[in-house]
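All remarks here apply to the structure that follows.
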Amino acid sequence: MLWPAFGLEPAPYGTDSLDALAARLTSRSSEQGVAVLDIGRPLTADALVQLGWRMGTVLAERDPAVTSFCENEYVLNLRSTEDAGDFELQPFSPRELFAHTEASHRPSGQRPTWIVLQCLTANEDDASAQTVAIAMDAVARCLSAVQLETLRSTQRVGSSHPVVECDAPVFALRDPSVTDDRFTSDSGKEAADAAVLAAMKAVYQTRLVRRIPWRPGVIAAIDNTKVFHARTAGEPHGSRHLQRVRVRRVG
């Protein structure tokens, strides 16, 4: 299935400076959760990092499992490889990457604000390995007031922060069907599990899903406080090559 696409906004690089690109990405993603710009050609890895620094604090890739995919400490090269089955290597698997908040196991102040992605090469088949986003506020509207309130007091076992924070709301959640996550709540475990299940069912409602239309030179900023993101299944060693930096808002 080919999901409906976000609109592409032309922003030729060379016309807009990195400062201007950073401003457009932050403002558009703040408005709609995802900003998608066509800058005409990919940035160099160094320029992508500099773009990130103009948006906030660029987070280094510290996980030893992904260092072989890293460039200059900050840029993660996302290419499909053979499926290793390891949780840490999911970004490189041809299998589906289920909907999640980036770094959901961390408190809000330690999570990235933006996932910035650029396309170097795209798959010939647009339906393969689609990057998709689902708005958190739309998911919240699918839940009852009781379910949402339960999630505000629900925590993943071993964590110190709730699944839902803020009035907006902001979710910190990864599909528990592919993790060992267990939940606890002031309302009890059964209520917590039921509310998490209701949230995940809402996430996968097809009317809420939009894809990023990748082609070389397209750059996107996903606001991690406003949308879940996921990836559909692709092919091992497919031609798609994305680069990612993660950025935390300053202040």
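Mean residue ellipticity at 222 nm, helices only, the chain: -6500 deg cm²/dmol; runs of at least 4 DSSP H residues each add -39,500 (n - 2.57), and the sum is divided by the number of residues.
Residue separation of Lys189 and Arg62 scaled by 0.36 nm, minus their Cα-Cα distance, works out to 42.4 nm of gained length. Calculated on the Cα set of the range 186-251, radius of gyration then Dmax: 16.7, 49 Å. Across the range 136-192 the C-alpha pair distances fall into 5 Å bins from zero in the proportions 4, 20, 31, 27, 16, 3 percent. Taking a virtual spin label 7 Å from the Cα of Arg106 along the C-beta vector, which residues in the range 157-182 bring their backbone nitrogen under 18 Å of it? Hits in the range 157-182 for Arg106 at 18 Å: 158-165, 170-175. Between the C-alpha center of the range 204-219 and that of the range 106-156 there is a gap of 12 Å.
The convex hull around the C-alpha trace of the range 21-147, projected and averaged over every direction, spans 9.8 square nanometres. Compactness of the range 65-116 was expressed as the Cα radius of gyration divided by 2.2 N^0.38 Å, which yields 1.23. Seen from every direction in turn and averaged, the convex hull around the alpha carbons of the range 121-251 projects onto 9.5 nm². Share of pairwise Cα-Cα distances greater than 22 Å in the chain is 53 percent (whole percent).
Read-outs: derived from the displayed coordinates by stated rules, not from any lab. Owing to the predicted nature of the structure, the values given are computational and were not obtained by experimental measurement. Cβ atoms come from the backbone with ideal geometry, glycine included; neighbour counts cover every protein chain shown.
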